[in-house]
Amino acid sequence: MIQSFAAMSEGVRARDRQRIVVAVAHDENILLAVDGATRQGLAEPVLIGRRDRIIHLADKQGIDLSTSHLIDQPDDTLACQLAVRMAREGKADAIMKGLVGTAVLLKAILNKETGIRDRELLSHIGLFFISELQRALLVTDAAMNIAPDLEAKKHLIDNAVEVLQLLGLELPKVACVCALEQVNPAMRATVEAAELVRLNRQGIIEDCLVGGPLALDNALFVEAARHKGITDTVAGQADILLMPNIEAGNVFYKSLTFLCKSSGAGLVVGAQVPVIVTSRSDNHETKLNSMILALYLAAMRKDKY
Ligand code: COD
């Protein structure tokens, strides 16, 4: 399994330059992040948005746009639709959200006639390399599926497993994160966790080991699980944290990013190309990592399919 964003970046650089299309690109932070990726030889950017504003912001920051392709589209919704169309036509390998609400871009991606759905459900994954764990940790869903039911959770697991397999982990361990380790009918997440474990044992959820219900500490740390006498095969070894809902996923993602300063990336997966949906508050490193992860996954998918 690949062990860092630096290693992914090497992998991306070793291949033909891929295209990132930025929907609503007239934003200083986005242009700086894209410029970082371009200067590292990672991507060829297509910038869709207010052309005059993009040029003004680039001038202000000393950003060289000579290798970028600019498309003037002042309407945000149309800019998102164009980015999606480019991906559908094979003219873009990844999409990046610029100065536009996440839901506007996601709606363009989900559109039944003109969108780019690939798998049954699109979902958000956050990937972190955390030194205390000495392994990659994937968290889902922090930004797209608001209150996934059992069926949706099956798809969240499938999407997350595909990502870790593309990164080289054959049999990821999935922890269904809850507030405790026992099934409590008053806590829907614990009931669904037990059901997901059953579906995994029956072979309906494949290519991974599912455990739960597990509290966060027992999902991540062997010592914590041992201390409580938990025998779940995933306990202490989770590669994927399936969160009960978007609030839990989002709070955990942001705690890692802002409190722990972990090296992370965030993407929407399950579309024909990876979609980078970092928020304004994400730092430069998170934006760059997310581009690297998107391009690495796009390349691995091309090799696989
Ligand atoms: N994957 C595939 N299809 C989907 C998904 C999905 N994740 N979500 C909805 N669909 C399909 C539905 O089946 C339906 O056919 C169509 O899309 C419209 O469904 P709605 O009406 O439920 O969806 P929308 O368009 O109102 O909203 C979809 C969003 C993803 C925009 C919505 O779920 C949302 O706003 N999510 C939170 C996004 C957000 O604000 N994130 C920022 C927080 S960090």
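The values are calculated or read from the model by the stated rules, or taken from the named source; none is laboratory data. These numbers were taken from a predicted model, which means no experiment stands behind them. Every residue, glycine among them, receives a Cβ derived from its backbone with ideal geometry; neighbour counts consider all protein chains shown. Surface areas here come from the heavy atoms of the whole protein model, side chains and all, with no ligands, DNA or RNA. Shrake-Rupley method; radii C 1.70, N 1.55, O 1.52, S 1.80 Å.
Ranking Gly90, Ala225, His155 by Cα position along the charge dipole of the chain, where only Lys, Arg, Asp and Glu carry charges on their C-beta atoms, puts Gly90 farthest toward the positive end.
For region 130-197, the Cβ-based charge dipole about the Cα centre amounts to some 100 debye (Lys, Arg positive; Asp, Glu negative; other atoms uncharged). Computed from phi, the 3J(HN,Hα) profile of region 178-188 under the Karplus parametrisation 6.51, -1.76, 1.60 (θ = phi - 60°) reads 9, 8, 7, 9, 9, 6, 10, x, 7, 10, 3 Hz, with x in place of Gly and Pro. Taking Cβ atoms as reference points and 11 Å as the exclusive limit, the residues near Ala142 contribute a net charge of -1, counting Lys and Arg as +1 and Asp and Glu as -1.
Ligands, DNA and RNA left out, the 1.4 Å accessible surface of the chain is 51% carbon and sulfur atoms.
Would you kindly calculate the translational diffusion coefficient of region 151-305, applying Stokes-Einstein with the Kirkwood radius from alpha carbon pairs, for 4 °C and a viscosity of 1.567 mPa s, and quote it in µm² s⁻¹ without decimals? So the translational diffusion coefficient is about 79 µm²/s. Stretched out straight at 0.36 nm per residue, the stretch from Ser255 to Leu78 would grow longer than its current Cα-Cα span by 60.3 nm. Note on region 38-176: with charges restricted to the Cβ of Lys and Arg (+1) and Asp and Glu (-1), its dipole about the Cα centre is near 140 debye. Of all aspartates and glutamates in the structure, the ones whose alpha carbon falls short of 12 Å from that of Lys287, not counting any fewer than 8 places away in one chain, are Asp35. Against the empirical curve 2.2 N^0.38 Å, the C-alpha radius of gyration of the chain lands at a ratio of 1.00. For Lys228, the lysines whose Cα comes closer than 21 Å to its Cα, not counting residues fewer than 8 places off in the same chain, are Lys173. Accessible area per residue for region 122-274, computed on protein heavy atoms with a 1.4 Å probe, is 41 Å². Normalised by the residues of the chain, what does the relative contact order come to in percent, with Cα pairs under 8 Å and at least six apart? Normalised by residue count, the contact order of the chain is 21 percent. Expressed to the nearest 5 percent, the antiparallel share of DSSP beta bridges inside the chain is 35 percent. Cross-link partners for Lys107 among the lysines, with Cα-Cα distance under 21 Å and sequence neighbours closer than 8 places in the same chain left out: Lys91, Lys97, Lys153. Placing +1 on the Cβ of every Lys and Arg and -1 on the Cβ of every Asp and Glu, with nothing else charged, gives region 1-80 a dipole about its Cα centre of roughly 240 debye.
Length available on full extension from Ser66 to Glu113: 0.36 nm per residue minus the Cα-Cα distance, which gives 13.5 nm.
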